[in-house]
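**Student:** Have a look at this one.
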Amino acid sequence: SDEELEARIFAAKETLGDRVVVLGHFYQRDEVVRYADFVGDSFQLANAARSKPQAEAIVFCGVHFMAETADILARPDQAVILPNLAAGCSMADMADIDSVAECWEQLEALYGTEPDADGRVPVIPVTYMNSSAALKGFCAEHGGIVCTSSNAATVLEWAFERGQRVLFFPDQHLGRNTAKAMGVPVELMPMWNPRKPLGGNEAQELEDARVILWHGFCSVHKRFTVGQIEKARAEFPGVQVLVHPECPMPVVDAADAAGSTDFIGKAIAAATEPTTFAIGTEINMVNRLAAQYPQHRIFCLDPVICPCSTMYRIHPAYLAWVLEGLVRGETINRIRVADDVAVPARVALERMLAARP
Ligand code: 13P
Ligand code: SF4
């Protein structure tokens, strides 16, 4: 029962004390978030993973790429545990190292490798945090960097200082929305098409490009529409529409503001007058904000309840299982990134952490 699980999790946490730290992403369900020592967005959780040197184990209630990142940033003797190994991210799976390497080869053939008069190389690869460790390593090896949704503009500025163009993967929407907000015209952001060999118009499009977008997307955020925003505005005049930058560009353009999960939470916390907020992000987080701020009316733009199905795979039963394993001295579901991938991936992550917040 829920009560039994609660008692088991609290008992295991008490026995383990400072030896374990439980991290939870904002999209985790309430039944999991209540056990987290720290709840945050992916950037904050990457930092949190590093800020607990006393913990022998970091139990990451989130998805696979987040646990990989924690393992890369944690001390080598700290074990990072993902309670359910099936908690992946469909967007992260949309870019694999072989396809990105093939794309890179073709871009090198098109642009060459020589820097321009200002010392800027032809292309800088930028990967969204929502990607495999191998892709983070690929970025470091080719002069690139990682970004999250909370620092994407800062990271793109970093990249444009060093490169004439950016290859951005896997999320086309975050890449397009961020570059557009920085003044890059949408026409200069072609999407890489792996099925079309280079030549003709594509080559010219790519020649002029400032940002080359990968074709990935988030299956949760692509559900939000301009129609939903129009409906919310008609029903609730004065509504504030806040969306995640993984939403399609027309949705971000029609919203009042776009930002990371942490940005959305802070925007609501800052409202001094009772306000209606229509939110374009994952439902568990929206419902939690609604319960946390009863003085506001807070609802999800999408009327069909749509959680991130992989975040949802972290159930308290898995949490109890891995914590009790630690009590017995067993490390269950450890996420380990091999050194040949972790070392370069760490370089790309360190570049991100060092870029201005
Ligand atoms: P944040 O970086 O805003 O936490 O987002 C992570 C994520 O997976 C959004 O879909
Ligand atoms: Fe991946 Fe989307 Fe889930 Fe975030 S919300 S973890 S991008 S599938």
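**Student:** For the pair Asp340 and Ala317, what calculated FRET efficiency results from E = 1/(1 + (r/R0)^6), where r is the Cβ-Cβ distance and R0 = 41 Å, to the nearest 0.05?
**Tutor:** Numbers: r = 35 Å, r/R0 = 0.85.
Computed FRET efficiency for Ala317 and Asp340: 0.75.
**Student:** While we're here: How much length is gained on full extension from Asp208 to Ser99, taking 0.36 nm per residue of separation minus their Cα-Cα distance? Intermediate values should be presented prior to the final figure.
**Tutor:** Values: separation 109, 0.36 × 109 = 39.24 nm, distance 2.22 nm.
The span from Asp208 to Ser99 would gain 37.0 nm if fully extended.
**Student:** Find the Rg to Rh ratio for the chain, where Rh is the Kirkwood radius over alpha-carbon pairs and Rg uses the same atoms. Let's see the in-between values first.
**Tutor:** Details: Rg = 21.0 Å, Rh = 21.2 Å.
With Rg and the Kirkwood Rh in hand, the quotient comes to 0.99.
**Student:** Right, here's the next one. Starting from the stretch 1-103, pick out the trypsin sites (Lys or Arg not before Pro) whose DSSP state is loop and whose Cβ has at most 15 other Cβ atoms within 10 Å. If you can, show how the numbers build up before the last one.
**Tutor:** Numbers: sites: Arg8, Lys13, Arg19, Arg29, Arg34, Arg50; in loops: Arg29, Arg34.
Within the stretch 1-103, the qualifying trypsin sites (Lys or Arg not before Pro) (loop, at most 15 other Cβ atoms within 10 Å) are Arg34.
**Student:** Antiparallel versus total DSSP beta bridges in the chain: what percent is that, nearest 5? Show your work: numbers first, answer last.
**Tutor:** Details: 1 of 36 bridges.
Of those bridges, close to 5 percent are antiparallel.
**Student:** In the chain, how many lysine pairs have Cα atoms under 28 Å apart, counting only pairs 8 or more places apart or on different chains?
**Tutor:** 14
**Student:** Still on this structure, please answer the following. Which whole-number percentage describes the relative contact order of the stretch 92-217, with Cα contacts under 8 Å and a sequence gap of 6 or more?
**Tutor:** About 28 percent, as a whole number.
**Student:** Which whole-number percentage describes the relative contact order of the stretch 221-300, with Cα contacts under 8 Å and a sequence gap of 6 or more?
**Tutor:** Working: 120 pairs, mean separation 23.3, N = 80.
Taking the mean separation of contacting Cα pairs over the length of the stretch 221-300, I get 29 percent.
**Student:** How large is log10 of I(q)/I(0) for the stretch 221-300 at q = 0.11, 0.14, 0.15 Å⁻¹ when the intensity is taken from the Debye formula with one equal scatterer per alpha-carbon?
**Tutor:** -0.23, -0.38, -0.44
**Student:** Compute the label zone of Ala7 within the stretch 302-322: residues whose backbone N is under 20 Å from the point 7 Å along Cα-to-Cβ.
**Tutor:** Counting backbone N atoms under 20 Å from the label point, the list is 316-322.
**Student:** Continuing with this model, one more query. What is the extension gain from Ala181 to Ala234, computed as 0.36 nm multiplied by their sequence separation minus the C-alpha to C-alpha distance, in nm to one decimal?
**Tutor:** Values: separation 53, 0.36 × 53 = 19.08 nm, distance 2.62 nm.
Difference between extended and current length: 16.5 nm.
**Student:** Here's something else I'd like to know. Could you work out the relative contact order of the chain, using alpha carbon pairs under 8 angstrom and six or more residues apart, expressed as a whole percent? Please list the in-between numbers first.
**Tutor:** Numbers: 685 pairs, mean separation 79.5, N = 357.
So the answer I get is 22 percent.
**Student:** Here's a follow-up. Note the full-extension length gain between Thr154 and Arg34 as 0.36 nm times their separation in residues minus their Cα-Cα distance, in nm to one decimal. Could you put the intermediate results ahead of the total?
**Tutor:** On the way: separation 120, 0.36 × 120 = 43.20 nm, distance 3.24 nm.
That pair, Thr154 and Arg34, stretches by 40.0 nm at full extension.
**Student:** Now for a different question. Measure out, as a whole number of angstrom, how far apart the alpha-carbon centroids of the stretch 250-296 and the stretch 58-126 sit.
**Tutor:** About 29 Å separates the Cα centre of the stretch 250-296 from the one of the stretch 58-126.
**Student:** Now, a different point. Give the peptides 187-193, 57-63 in descending order of average Cβ contacts within 10 Å, highest first. Don't jump to the answer; show the numbers that get you there.
**Tutor:** Details: 187-193: 15.7, 57-63: 27.9.
Those peptides, ordered most packed to least, come out 57-63, 187-193.
**Student:** Only Cα pairs within less than 10 Å get springs; with that Gaussian network setup on the chain, which residue of Phe169, Phe236, Phe217 has the largest fluctuation?
**Tutor:** Evaluated over the chain, the most mobile residue of the options is Phe236.
**Student:** Of His221, His173, His142, which has the largest mean-square fluctuation in a 10 Å C-alpha GNM of the chain?
**Tutor:** In this elastic network of the chain, the residue with the biggest mean-square fluctuation among His221, His173, His142 is His142.
**Student:** For a quick check: with amide H placed at 1.01 Å from N, whose amide H comes under 5 Å from Asn130's, ignoring anything fewer than 5 positions away on the same chain?
**Tutor:** Under 5 Å from the amide H of Asn130: no residue qualifies.
**Student:** Viscosity 0.890 mPa s, temperature 25 °C: give me the Stokes-Einstein translational D for the stretch 86-194 in µm²/s, with Rh taken as the Kirkwood radius over C-alpha pairs. If you can, show how the numbers build up before the last one.
**Tutor:** On the way: Rh = 14.2 Å.
It comes out at roughly 173 µm²/s.
Only the coordinates and a few stated rules stand behind these numbers; no lab work does. These numbers were taken from a predicted model, which means no experiment stands behind them. Note that each Cβ is placed from the backbone with ideal geometry, even for glycine, and that neighbours are counted across all protein chains shown.
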